[in-house]
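Taking it in order: structure first as structure tokens, then the write-up.
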Amino acid sequence: DKGCETFGTGTLDNGRASVSMGTTATVQITTRNYVEPEQFMPAYPAVIKGMYNPEVEIFRGCWMVTWFKEQFGGPEVAAAKEKGCAPEQLLDDLLDKVPIGCEGLVLQPYWSPKIKQPCAKGTIIGFSDVHTRAHIYRAIIEGIGFGLYEGLTSICARARTTPSSIMISGGGSNSDRVCKILADILGLPVRKTQTYENSALGCAMLTYMGLGVYKTPEEAIKHMVREGACYEPDMKNHEQYKVLFSTVYERIYRKNRKTFANIRAYNRRFPVPRS
């Protein structure tokens, strides 16, 4: 489905990268050359024959929004029922209450460990007396953004390419504020298409190609992908995010690897029964 989603955003070896803000958040490019996104991690075959989708995943991704909503979002859930809207719309208001960088609160979204970091644990670091649940919520969004930035940087370095823009899809892309935060973190324009269900759109495009309506992927993209809103990065914000990424986020796992291993060993020694 991610391959279809990337195709459905019009990302086809054309200087774009595709970000999916779904339950699992991902970043992909499409390339004619086989490129491992990380060492010993194979690239996925693309839905277009002879092409590949190097991908980095954040396994819990926008699931973390649901986690926050269930654990800390009671006021928004209750208010959303009265207003007849989604709680996520109200949670978005929390993002405006906190400055970029969350006053030093940084979240690494390893609520599920990464394949190459099996001992990894989710981490929130930098608490002080100024921090509120609004800070935690923005730290979640920024943490997902940092993870995507880390993945995109790795993919582009190995593929020797520099994307000019990001195409975004998935449920999380419905939030204008989230899209703007991602643009600032990634330092690139973030663009939507006519739908956030780009996986379904990509499937439809492939069907029309199979029926012979469109002869090439480029023709299908031209006729079926419509670019929508574009979120330009604030490069001053991007430089601020780069400092937080390089001096804090990027070091969290490496500096705490032994501690994470000790936590896993403790949990195995003293398991909690699950009903």
**Prompt:** How would you rank 247-258, 101-112, highest first, on the average number of other Cβ atoms within 10 Å across their residues?
**Reply:** 101-112, 247-258
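How much of the accessible area of the stretch 86-129, in percent, comes from carbon and sulfur atoms when a 1.4 Å probe is used?
Numbers: 1110 of 2040 Å².
Answer for the stretch 86-129 is 54 percent, counting heavy atoms of protein chains only.
So, for the chain, what is the accessible surface per residue at a probe of 1.4 Å, expressed in square angstrom?
Values: 13700 Å² over 275 residues.
On a per-residue basis, the chain sits at 50 Å².
Loop only by DSSP, 12 or fewer other Cβ within 10 Å of the Cβ. Give me the chymotrypsin sites (Phe, Trp or Tyr not before Pro) in the stretch 1-56 that pass, ordered by residue number.
Numbers: sites: 7, 34, 40, 52; in loops: 34, 40.
The qualifying sites are 34, 40.
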**Request:** Enter the angle in degrees (range 0 to 90, nearest 10) between the Cα long axis of helix 176-186 and the first principal axis of the Cα atoms of the chain, meaning the one along which they spread out most.
**Result:** 90
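Once you keep just the Cα pairs under 8 angstrom separated by 6 or more residues, what percentage relative contact order results for the stretch 171-275?
Values: 76 pairs, mean separation 35.0, N = 105.
So the answer I get is 33 percent.
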**Message:** Could you work out what % of the accessible surface of the stretch 173-256 is carbon and sulfur, using a 1.4 angstrom probe and leaving DNA, RNA and ligands out of the count?
**Reply:** 53
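Express the relative contact order of the chain as a whole percentage, based on alpha carbon pairs under 8 Å and six or more residues apart in sequence.
Details: 478 pairs, mean separation 63.6, N = 275.
About 23 percent, as a whole number.
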**Message:** I'd like the accessible area for residue 100: 1.4 Å probe, protein heavy atoms, all chains in place, Å² to the nearest 10.
**Reply:** 40
**Item:** Computed magnitude of the charge dipole of the chain (debye, nearest 20; Cβ of K, R +1, Cβ of D, E -1)
**Value:** 1100
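The values are calculated or read from the model by the stated rules, or taken from the named source; none is laboratory data. As the structure is a computational prediction, the values presented were derived from the model and not from experiment. Note: ideal-geometry Cβ built from the backbone for every residue, glycine included; neighbour counts use all protein chains shown. The protein model used for the area step is the full one, side chains on, heavy atoms only, and it has no ligands, DNA or RNA in it. Shrake-Rupley method; radii C 1.70, N 1.55, O 1.52, S 1.80 Å.
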